[in-house]
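Q: The structure is given below, and queries will be raised subsequently.
The values are calculated or read from the model by the stated rules, or taken from the named source; none is laboratory data. Bear in mind the structure is a predicted one, so any value in this text is a computation, not a measurement. Heads up, the Cβs are rebuilt from the backbone with ideal geometry, glycines too, and the neighbour counts pull from every protein chain shown.
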Amino acid sequence: MRLLIVEDERPIAEDLQFLVLKILGDLVSEVALETHLEGALQRPDLKAFDVVFLDLNLHGRDGFEVLKQVGACAFLTIVVSANTDRALEAFEYGVLDFVAKPYSEARLRKALDRLTQPLHHKEPRYLPVRHGAGLRLLAVDQLVYVQGADVYSALHLRDGGQVDSEKTLARLEVLLGAAFVRIHKSFLVRRAEIAGLDAAGGGRYHALLHSGERLPVGRQRYKTLKAEWGGDGALS
């Protein structure tokens, strides 16, 4: 796992680096530091990072303008900030967690647990995505399913539209939480949109959506979904 810390106070950045390495140990291959947003965004290896720890007050920059820009990137974002009055707003922008300053090792451990353990948190309200030369805040409640496509993902919406996200399917699975279920190596679906399951024979399985669409289901995932089936037309 590769992590980047964007924090304008060097002692805090180094303390975060020390604690992250202590908590995650061998799971981490790199923890890089940047004290300026521009330096972070101009890194040629930026898309290779799995998680970015982001301060919202970077040399006087508007933290939430920064958050919208960074939130559309490929990595997951954990905010570490003293702006606790805006924590709920930060979650609406699709951050994985908001760690208040002054932080503790225990609080950082809880945030990092979200990367390594099954998640039960609520989905974010928005996902920032690229829109032309700018950004768009996509309402997550309009998202039906996600189809992985190499290094990006296709977001399929209720109105039949499709929007691309720089985040991989695996990262969106972590971010979107328990409201979505992985049914196939290439598909992540909102649980409430699944109307039923179908075994087509020949080792082929499908999820039937309320929209009428049929999506492929992996064999092992089919067994797991059947075990969760509530028998009332929706997953339990």
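Q: Out of (1) more than 25 Å from Leu19 (Cβ to Cβ); (2) surrounded by fewer than 20 Cβ atoms within 10 Å (Cβ to Cβ); (3) of a type outside the set (Ser, Thr, Tyr), what's the single condition that is false for Ala100?
A: For Ala100, the failing item is (1).
Q: Restricting region 10-34 to residues that are among the aliphatic types (A, V, I, L, M) and under 15 Å from Ser81 (Cα atoms), which is surrounded by the fewest Cβ atoms within 10 Å (Cβ to Cβ)? Show your work before the answer.
A: Taking region 10-34 and keeping what is among the aliphatic types (A, V, I, L, M), we get 12-13, 16, 19-21, 23-24, 27-28, 31-33.
With under 15 Å from Ser81 (Cα atoms) added as a condition, the list becomes 12-13, 16.
On the way: Ile12: 17, Ala13: 21, Leu16: 22.
Among them, the one singled out is Ile12.
Q: Let me ask another. Out of the residues in region 47-59 that are surrounded by 17 or more Cβ atoms within 10 Å (Cβ to Cβ) and out of contact with any Phe, Trp or Tyr (no Cβ under 8 Å at 6 or more places or on another chain), state the one that is modelled with the lowest pLDDT. Break it down into steps so the answer makes sense when it comes.
A: Taking region 47-59 first, the residues surrounded by 17 or more Cβ atoms within 10 Å (Cβ to Cβ) are 49-56, 58.
Retained after the next criterion (residues that are out of contact with any Phe, Trp or Tyr (no Cβ under 8 Å at 6 or more places or on another chain)): 53-55, 58.
Numbers: Phe53: 94, Leu54: 92, Asp55: 92, Leu58: 84.
Selected residue: Leu58.
Q: A further question on this structure: Of the numbered conditions (1) surrounded by fewer than 15 Cβ atoms within 10 Å (Cβ to Cβ); (2) on the phi < 0 side of the Ramachandran plot; (3) part of a loop (DSSP other than H, G, I, E, B), Asp141 satisfies every one except a single condition; which is it?
A: Failing condition for Asp141: (3).
Q: Follow-up question, since we're still on this one. If a residue must be in contact with a strand residue (DSSP E or B) (Cβ under 7 Å, 6 or more places away or on another chain), β-branched (Val, Ile, Thr) and part of a helix (DSSP H, G or I), how many such residues does region 15-47 contain? Even if it seems obvious, please write down each step before you answer.
A: Taking region 15-47 first, the residues in contact with a strand residue (DSSP E or B) (Cβ under 7 Å, 6 or more places away or on another chain) are 16-17, 20-21, 28-34, 37, 40.
Checking which are β-branched (Val, Ile, Thr) leaves us with 20, 28, 31.
Right, trim to part of a helix (DSSP H, G or I) and you get 20.
Qualifying residue count for the region: 1.
Q: Has region 48-66 got any residue that is part of a helix (DSSP H, G or I) and among the basic types (Lys, Arg)?
A: Looking only at region 48-66, we keep the residues that are part of a helix (DSSP H, G or I), and these are 48, 63-66.
Imposing the further condition that a residue be among the basic types (Lys, Arg) reduces the set to none.
No: region 48-66 contains no residue that is part of a helix (DSSP H, G or I) and among the basic types (Lys, Arg).
Q: Quick one: which of Asp198, Asp164 is at pLDDT below 90 and not in a helix (DSSP H, G or I)?
A: Working: Asp164 fails: at pLDDT below 90.
Answer to the selection: Asp198.
Q: Out of all the residues in region 118-133, is one or more of a type in the set (Gly, Ala, Ser) and either at pLDDT 85 or above or in the same structural domain as Glu65 (by TED's automatic domain parsing) (or both)? If you could, list the steps in order and put the result at the bottom.
A: Our first condition is that a residue be of a type in the set (Gly, Ala, Ser); within region 118-133, this holds for 132-133.
Among the residues that remain, those that are also either at pLDDT 85 or above or in the same structural domain as Glu65 (by TED's automatic domain parsing) (or both) are: none.
Checked region 118-133: no residue is of a type in the set (Gly, Ala, Ser) and either at pLDDT 85 or above or in the same structural domain as Glu65 (by TED's automatic domain parsing) (or both).
Q: Can I ask one more? Going by the structure shown, is Asp55 touching a helix residue (DSSP H, G or I) at 6+ places or on another chain (Cβ under 8 Å) and not assigned by TED's automatic domain parsing to the domain that holds Val151? Walk me through it before giving the result.
A: On the way: touching a helix residue (DSSP H, G or I) at 6+ places or on another chain (Cβ under 8 Å): yes; not assigned by TED's automatic domain parsing to the domain that holds Val151: yes.
Yes, satisfied.
Q: So, one more: Need pairs with beta-carbon distance below 8 Å; first residue over 20 Å from Lys47 (Cα atoms) and within region 74-87, second part of a strand (DSSP E or B) and charged (D, E, K, R); sequence gap 6+ or separate chains.
A: none
Q: I've got another one for you. Taking only region 60-85 into account, find how many residues are crowded, with 17+ Cβ neighbours inside 10 Å and modelled with pLDDT of 80 or more.
A: 12
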